[in-house]
Each structure stands twice: as structure tokens, then as C-alpha cells.
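One structure is given below, encoded as C-alpha cells.
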Amino acid sequence: MKEAYKPFVDELIELAIREDIGDGDHSSLSTIPADERGRMKLLVKQEGIIAGIEIAKLILQRLDSEVKFEQLIEDGARVKPGDIAFYVEGRLISLLQAERILLNVMQRMSGVATQTAVYVDALKGFKTKVLDTRKTTPGMRVLDKMAVKLGGGDNHRMGLFDMVILKDNHIDFAGGIYNAVTKCKAYLKERGKNIPIEVEVRTLADIDEVFRAGGADRIMLDNFTPEMTREAVAKIAGRCEIESSGGITMANMRDYAACGVDFISVGALTHQIKSLDLSLKAC
């Protein structure tokens with residue numbers, strides 16, 4: 001895990017524990033002796049990419065520092081029904097308290113990783129990389145970004161703070177691409193901020209405006225057809241990075257990659273996923 005992610009993950013785990021356990025797991029506390037120990041396994045019930053084992057371990061350790069964790073499969077591995085990702089041993093109450101929290105995290109992260117792998121596999125043979133977006137569940141973005149990487153994809157910006165993207169609304173409110181880009185560069189220079197600038201373009205003529213304003217680190221081709229994309233790549237090639245976004249599906253993404261774009265961003269990696277079926281069972 002990136003060191004910068006840890007505070008977000010720690011806060012998320014604390015919130016999840018408060019949300020689920022509250023003033024106590026009364027189901028377990030009323031039926032299981034406080035000092036009774038046991039062993040459980042993380043069972044895979046569906047084919048896909050496993051993700052979130054690292055986070056599951058943190059959740060267990062947060063609830064009980066004496067829990068023993070035996071990991072059998074690495075995050076990012078392809079799994080099938082019947083595979084066991086890890087064994088965990090400790091106080092049964094601690095294991096039962098962790099069960100739903102870690103499953104919620106792992107099932108979603110594994111779903112994102114599995115979905116990402118499908119898109120990555122579809123682009124084999126091309127230089128084009130698959131990027132995620134900010135279309136994530138509030139509070140879960142770090143885990144979604146981690147899962148995308150485990151599925152073989154790449155991360156776009158984390159948030160509004162680590163990269164500038166001048167999108168259609170910014171451009172329209174600023175009075176056009178030239179104004180938006182020049183204002184942005186002046187703003188970053190004045191504040192001594194060295195972060196990348198990406199500009200969304202909607203027409204081929206917009207590309208010329210970007211370079212008239214001094215250029216950008218990346219240009220995003222928004223809702224371009226493959227034919228328009230080929231023309232755009234010819235205009236931009238070698239001057240900055242190129243990203244395609246909008247209207248791209250599994251059916252046509254190879255057509256866009258064939259145009260020579262560096263990146264394709266896909267919101268569906270994180271907002272149209274199916275969680276992977278996993279369970280934590282006694283053993």
C-alpha cells in the first residue's frame with residue numbers, strides 16, 4: 001500500500017467498525033465465551049481477481065492484535081471457486097466482528113479488480129493503458145484505486161488536488177479553452193504548485209486552442225469517434241499525452257486503442273461492478 005493511502009485506509013476501517021459494531025456485537029457476545037478461540041478461512045466462491053487481503057489483515061489486527069493470519073494467495077491473483085485466500089486464528093468474538101467488514105471490503109475490491117482485468121485483457125497488443133476515474137463510492141476511493149491497480153489497470157488522479165483537469169464546465173465558465181489554460185497556469189505558478197494539467201477537448205479545433213495557450217501535459221478527447229480520434233492523434237502526437245474518454249465500451253475500445261491514444265479512462269471500472277462472491281467460514 002502506498003504510504004499516502006494509509007491515513008485514508010485507517011479512517012475507513014475506524015468508520016466501518018463504528019458503523020457495524022457500535023456499542024457491541026451482541027449476537028456474538030451473548031453466545032460465545034469471551035476467551036474462546038477458533039479458526040476461519042476466506043473461501044473463494046467465484047472466479048475472478050482477488051483483492052483486499054492486505055486490508056482484511058489490517059481490519060483483523062485493528063480488532064485484535066493477537067490474531068494469527070496465514071496468507072495463501074497474493075492480492076491480484078486469479079482465483080477460482082474453492083480456493084482459500086487465507087486462514088485466520090484468534091478469539092472467536094474478534095473473528096466474528098471482523099467477518100462482515102472484511103468481506104464487504106474484499107468483495108467490492110475483488111469485483112473492481114476483476115472488472116478491470118477484463119478491460120486490460122481486451123487491450124492486449126496495444127500500448128494504451130486503462131485508467132480509472134473519480135466515479136467512486138464516497139470514502140472508498142483509495143480502496144477502489146488499489147483494486148484497479150491489482151486488476152492491471154492504472155490510476156488517474158486521486159482527487160481534485162493532485163492533477164488539474166479543465167473539463168467542459170471549467171472551460172465554458174472561464175470563457176473558452178485559451179482563457180482556462182492561461183488562467184490555470186498563472187494560478188499554479190503563483191502558488192508554486194507543480195501538478196499536471198489535462199484539458200478536455202470536444203472538437204479538433206479545440207486542440208489548436210490548447211497549444212495556442214501554451215499546451216498541456218495531457219489532452220482528453222471527450223466523446224470523439226474513432227475517426228475523429230485518429231485525426232486528433234495526428235495533430236497531437238509527440239506534443240503531450242492523449243486520453244480518450246466518453247462513449248467507450250468493451251465493444252469499441254480496441255478501435256480507440258488502435259488510433260494510438262496513450263490512455264482510455266473508464267468509469268465502469270468502479271461504478272458498474274459486481275462484487276466477487278467470497279465467504280469467511282469456520283474450519
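The values are calculated or read from the model by the stated rules, or taken from the named source; none is laboratory data. None of these values were measured; they are calculated from a predicted model. Heads up, the Cβs are rebuilt from the backbone with ideal geometry, glycines too, and the neighbour counts pull from every protein chain shown. Protein only, heavy atoms only, side chains kept; ligands, DNA and RNA dropped before computing areas. Shrake-Rupley method; radii C 1.70, N 1.55, O 1.52, S 1.80 Å.
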Query raised in the report: Does Val105 fit the bill of being open to solvent by 10 Å² or more (accessible area, probe 1.4 Å), within 18 Å of Gly153 (Cβ to Cβ), out of contact with any strand residue (DSSP E or B) (no Cβ under 9 Å at 6 or more places or on another chain) and among the aliphatic types (A, V, I, L, M)?
Result: no
Requested in this report: Take region 1-29 and flag every residue that is over 26 Å from Asn155 (Cβ atoms) and open to solvent by less than 80 Å² (accessible area, probe 1.4 Å).
Outcome: Ile17, Ile21, Gly22, Gly24, Asp25, Ser28
Requested in this report: Quick one: in region 77-101, of everything that is in contact (Cβ under 8 Å) with a residue 60 or more places away in the chain and surrounded by fewer than 17 Cβ atoms within 10 Å (Cβ to Cβ), which residue is farthest from Gln115 (Cα to Cα)?
Outcome: Tyr87
Query raised in the report: What is the one condition in (1) in contact with a Leu (Cβ under 8 Å, 6 or more places away or on another chain); (2) part of a strand (DSSP E or B); (3) within 28 Å of Asp208 (Cβ to Cβ) that Ala180 does not satisfy?
Result: (2)
Query raised in the report: Gly247 passes all but one of (1) part of a loop (DSSP other than H, G, I, E, B); (2) open to solvent by less than 30 Å² (accessible area, probe 1.4 Å); which number fails?
Result: (2)
Query raised in the report: Within region 210-227, how many residues are surrounded by 14 or more Cβ atoms within 10 Å (Cβ to Cβ) and either part of a strand (DSSP E or B) or in contact with a helix residue (DSSP H, G or I) (Cβ under 7 Å, 6 or more places away or on another chain) (or both)?
Result: 10
Query raised in the report: Quick one: would you say Tyr187 is in contact (Cβ under 8 Å) with a residue 12 or more places away in the chain and open to solvent by 40 Å² or more (accessible area, probe 1.4 Å)?
Result: no
Query raised in the report: Which residue pairs have Cβ atoms under 8 Å apart, sit 6 or more places apart or on different chains, and have a first residue in region 3-20 that is assigned to a helix (DSSP H, G or I) and a second that is open to solvent by 60 Å² or more (accessible area, probe 1.4 Å) and polar (S, T, N, Q)?
Result: Ala16/Asn104
Query - Among (1) assigned to a helix (DSSP H, G or I); (2) more than 18 Å from Ser275 (Cβ to Cβ), the one test that Leu160 misses - result: (1)
Query - Residue that is farthest from Met228 (Cα to Cα) [pool: residues in region 190-204 that are without any contact (Cβ under 8 Å) to a residue 24 or more places away in the chain and surrounded by 10 or more Cβ atoms within 10 Å (Cβ to Cβ)] - result: Lys193
Report summary line: Checking Ser275, Ser279 in turn, the sole residue that is among the polar types (S, T, N, Q), surrounded by fewer than 17 Cβ atoms within 10 Å (Cβ to Cβ) and either modelled with pLDDT of 95 or more or part of a helix (DSSP H, G or I) (or both) turns out to be Ser279
Report summary line: Conditions (1) part of a helix (DSSP H, G or I); (2) open to solvent by less than 70 Å² (accessible area, probe 1.4 Å); (3) within 19 Å of Lys135 (Cβ to Cβ) -> Ile207 fails only (3)
Query raised in the report: Could you count how many residues in region 107-131 are over 12 Å from Lys274 (Cα atoms) and in a helix (DSSP H, G or I)?
Result: 6
Report task. Kindly indicate whether any position in region 164-173 is closer than 30 Å to Ala34 by Cα, free of Cβ contacts under 8 Å to residues at least 60 places away in the same chain and buried (at least 17 other Cβ atoms within 10 Å of the Cβ). Result -> no
Query raised in the report: Would you say Arg230 is within 24 Å of the chain's Cα centre (by Cα), assigned to a helix (DSSP H, G or I) and more than 25 Å from Asn169 (Cβ to Cβ)?
Result: no
